[in-house]
1. Which of the residues that make up region 79-98 are closer than 16 Å to Phe32 by Cβ, touching a Ser or Thr at 6+ places or on another chain (Cβ under 9 Å) and among the hydrophobic types (A, V, I, L, M, F, W, C)?
2. Taking the conditions exactly as written (in contact with a strand residue (DSSP E or B) (Cβ under 7 Å, 6 or more places away or on another chain) and either aromatic (Phe, Trp, Tyr) or at pLDDT below 95 (or both)), does Ile99 satisfy them or not?
3. Go through Glu105, Glu53 for me and flag whichever is touching a His at 6+ places or on another chain (Cβ under 9 Å) and closer than 26 Å to Glu31 by Cβ.
4. Could you grab me the full set of residues in region 103-138 that are surrounded by fewer than 16 Cβ atoms within 10 Å (Cβ to Cβ) and not in a loop (DSSP other than H, G, I, E, B)?
5. Applying the selection to region 88-102, what residues are among the β-branched types (Val, Ile, Thr) and either over 13 Å from Ala63 (Cβ atoms) or part of a helix (DSSP H, G or I) (or both)?
6. Can you find, within region 21-60, the residue that is surrounded by the most Cβ atoms within 10 Å (Cβ to Cβ) among those that are modelled with pLDDT of 95 or more and of a type in the set (Gly, Ala, Ser)?
7. From (1) outside any loop (DSSP other than H, G, I, E, B); (2) at pLDDT 90 or above; (3) crowded, with 23+ Cβ neighbours inside 10 Å, pick out the condition that doesn't hold for Ala148.
8. Test Val69 against the stated conditions and say whether it is in contact (Cβ under 8 Å) with a residue 60 or more places away in the chain, surrounded by 21 or more Cβ atoms within 10 Å (Cβ to Cβ) and in a helix (DSSP H, G or I).
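The values are calculated or read from the model by the stated rules, or taken from the named source; none is laboratory data. Being a predicted model, the structure only gives us computed values, none of them experimental. Cβ: placed from backbone, ideal geometry, glycine included. Neighbour counts: every protein chain shown.
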Amino acid sequence: MTGIAQRDRRAMGEQRPNDPPQAGESVATGEFRVLVVDDHPVVCTAVARVLDEHSEITVVGQASDGQQVLDMLAARSADVVVMDAAMPHVDGAQATRAIRSRWPEVTVVAISTDYSPIAAQMIAAGAAAFVPKDAEPTAISHAVVAAAAKSRSKH
């Protein structure tokens, strides 16, 4: 379920067990809060749906560029940001550097259709993993859980 529908239910006083936490709320141990960032709405929605199917992942928001995700992180907590590398305004590498600087506990998993230079740029900027967009859908869920678990064990 998308953050908009969950927010609407909360405004009406309804909350379901799988709704992501608002800023300041906690989640159950083992559950990872994820923001998905991609400038293509269909990709962003599809990635969010794939991640929502995993029992350890709760998608807490979606953004269309790097600046929007930085604004979202200032207002709500997340464990992982799944970030497209090539976006207008603030690209994935710029946003990843800013996230790692401001919120070192947040893990970034990069996604892109371009492999060589983009993947290297995202890893150099601080992304914990890179998943090509043509990978099997479950590859992104596995990368998110593995990267978040590794990060959580460090903090």
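1. Val80, Val81, Met83
2. no
3. On the way: Glu53 fails: touching a His at 6+ places or on another chain (Cβ under 9 Å).
Sole residue among the options that is touching a His at 6+ places or on another chain (Cβ under 9 Å) and closer than 26 Å to Glu31 by Cβ: Glu105.
4. Across region 103-138, the qualifying residues are Ser116, Pro117, Ala120, Ala124, Pro132, Pro137, Thr138.
5. Within region 88-102, Thr96, Ile99 qualify.
6. Per the criteria, the residue is Ala48.
7. (2)
8. Values: in contact (Cβ under 8 Å) with a residue 60 or more places away in the chain: no; surrounded by 21 or more Cβ atoms within 10 Å (Cβ to Cβ): yes; in a helix (DSSP H, G or I): yes.
No, not satisfied.
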